[in-house]
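**Q** The structure's right below; bear with me while I get my questions together.
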Amino acid sequence: MISFKGYCYPKSVILQCVRWYVAYCLSYRDIEEIMKERGIDVDHSTLNRWVLKFSPLLEKEFQKRKRRPGGRVRLDETYLLVKGQWKYLYRAVDKEGNTIDFLLSAKRDKKAAKRFLKKMIKRNGKPSLINIDKSGANHAAINHYNIDNNTRITIRQCKYLNNVIEQDHRFVKRKMKQVMGFETFSSAARTIAGLELWRMLKKGQKRWGGSQSPCALFYALAM
């Protein structure tokens with residue numbers, strides 16, 4: 001259970017503000033104004049702290065209840081602006097478009113690709129096949145993982161098969177365009193956790209979610 005002890009605002013208010021930020025193209029000042037119309041006076045800097053605090057905690061809770069993805073992976077990376085410099089967001093989806101995992105990295109090289117691969121497999125299990133673009137770093141990372149762990153993950157390099165993940169990038173990048181870059185690497189990584197969490201809930205990736213709405217599932221993570 002996620003603790004809200006010590007906060008002046010009710011848990012329901014905090015969670016609603018966090019959800020609004022990660023789900024919609026609203027700025028912190030937009031949410032501050034909306035909450036003021038509802039009789040709740042909360043500063044935009046406080047909203048920022050809530051998102052950075054609770055987004056990774058909620059995403060961690062979701063991972064315990066996440067439905068296992070398919071074994072055929074589409075792996076790709078996209079660019080994000082952090083403190084005026086381009087950083088790299090590694091992402092993977094299965095062939096149905098379900099999010100498998102994600103990792104923000106300062107560099108785009110074999111070491112970063114291998115780190116993402118280890119994280120993805122640790123949390124989701126070993127895939128049978130990974131489709132990548134022409135990236136030599138990704139290819140080398142998978143080869144090294146196979147050698148180090150005596151596995152046989154098949155590598156396929158077929159650009160059009162990665163269309164599903166390239167299209168999926170846009171939901172994360174839409175928010176990036178709105179905020180016009182992040183101030184710190186840590187704030188970027190924490191915010192992305194919330195964005196990815198909401199996308200996974202929208203895709204119906206929670207086990208035993210039943211007919212509950214993504215909103216209800218989001219709030220249930222903090223119970």
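**Q** Using only alpha carbons, build the gyration tensor for region 118-223 and give me the equivalent ellipsoid semi-axes, biggest first, whole Å. Provide the component values of the computation, followed by the final result.
**A** Numbers: eigenvalues 165, 78, 45 Å².
After scaling each eigenvalue by five and taking roots: 29, 20, 15 Å.
**Q** Using only the alpha-carbon atoms, how far is helix 44-64 inclined from the longest principal axis of the chain? Give it as 0 to 90 degrees, nearest 10.
**A** Its long axis makes an angle of about 50 degrees.
**Q** Using Cβ counts within 10 Å as a stand-in for footprinting exposure, how do T184, T78, T99 rank, fewest first? Kindly include the intermediate steps, with their values, before the conclusion.
**A** On the way: T184 11, T78 17, T99 23.
The most exposed by this proxy come first: T184, T78, T99.
**Q** Nearest 10 degrees is fine. How inclined is helix 110-124 to the longest principal axis of the chain, computing both from alpha carbons?
**A** Result, in degrees: 70.
**Q** Right, next: Distance from a point 7 Å along Cα→Cβ of N48 to each backbone N in region 1-25: keep the residues under 20 Å and list them by number.
**A** Under 20 Å, as judged by backbone N against the label point of N48, lie 8-9, 14-25 of region 1-25.
**Q** Determine, from the Cβ-Cβ distance of R38 and Y79 and an R0 of 45 Å, the FRET efficiency 1/(1 + (r/R0)^6), rounded to the nearest 0.05.
**A** Numbers: r = 37 Å, r/R0 = 0.82.
About 0.75, to the nearest 0.05.
**Q** Another question, if that's okay. May I ask which residue of N48, Y7, W208 lies farthest towards the positive end of the charge dipole of the chain, with charges of +1 (Lys, Arg) and -1 (Asp, Glu) on Cβ and the Cα centre as origin?
**A** Of N48, Y7, W208, it is W208.
**Q** Mind putting a number on the dipole of the chain about its Cα centre? Charges go on the C-beta only, +1 for Lys and Arg and -1 for Asp and Glu, and I need it in Debye to the nearest 20. Each step should come with its number before you reach the end.
**A** Values: 46 positive and 20 negative charges, 184 e Å.
Dipole magnitude for the chain comes out near 880 debye.
**Q** Through the Karplus equation 6.51 cos²θ - 1.76 cosθ + 1.60, θ set to phi - 60°, convert the phi angles of region 166-173 into ³J(HN,Hα) values in whole Hz; use x for Gly and Pro.
**A** Karplus values, whole Hz, x for Gly and Pro: 5, 5, 6, 4, 5, 6, 7, 5.
**Q** So, one more: Using Cβ counts within 10 Å as a stand-in for footprinting exposure, how do Y24, Y219 rank, fewest first?
**A** Details: Y24 12, Y219 17.
Ranking Y24, Y219 by Cβ neighbours within 10 Å, fewest first, gives Y24, Y219.
**Q** Please give the calculated 222 nm ellipticity per residue for the chain, where each DSSP H segment of at least 4 residues contributes -39500 (n - 2.57) and the sum is spread over every residue; nearest 500 deg cm²/dmol? Kindly include the intermediate steps, with their values, before the conclusion.
**A** On the way: 8 runs with 115 residues, N = 223.
The helix contribution divided over the chain gives -16500 deg cm²/dmol.
**Q** Another one. Fewest Cβ neighbours within 10 Å first, please rank C17, C25, C215, C8 accordingly. Intermediate results must be reported in sequence, preceding the final value.
**A** On the way: C17 24, C25 11, C215 14, C8 8.
If I rank by nearby Cβ atoms, fewest first, I get C8, C25, C215, C17.
**Q** For region 144-200, which GluC sites (Glu not before Pro) pass both filters: DSSP loop (anything but H, G, I, E, B) and at most 13 other C-beta atoms within 10 Å?
**A** Numbers: sites: E166, E183, E196; in loops: E183.
Loop-located and lightly packed - E183.
**Q** While we're here: May I ask you to work out the translational diffusion coefficient for the chain at 37 °C, viscosity 0.692 mPa s, via Stokes-Einstein with Rh from the Kirkwood sum over Cα pairs, reported in whole µm²/s?
**A** On the way: Rh = 18.4 Å.
My calculation gives 179 µm²/s for D.
**Q** Let me ask something additional. Mind checking the full-extension length gain between K203 and F185? Use 0.36 nm per residue of separation minus the Cα-Cα distance, one decimal, nm.
**A** Working: separation 18, 0.36 × 18 = 6.48 nm, distance 2.68 nm.
Taking 0.36 nm per residue and subtracting the Cα distance, the gain is 3.8 nm.
Just so you know, all these numbers are worked out from the coordinates, no wet-lab data involved. Predicted model, so just to flag it, every value in this text is computed and none were measured. A quick note on method: Cβ atoms are made from the backbone with ideal geometry, for glycine too, and the neighbour counts reach across all protein chains shown.
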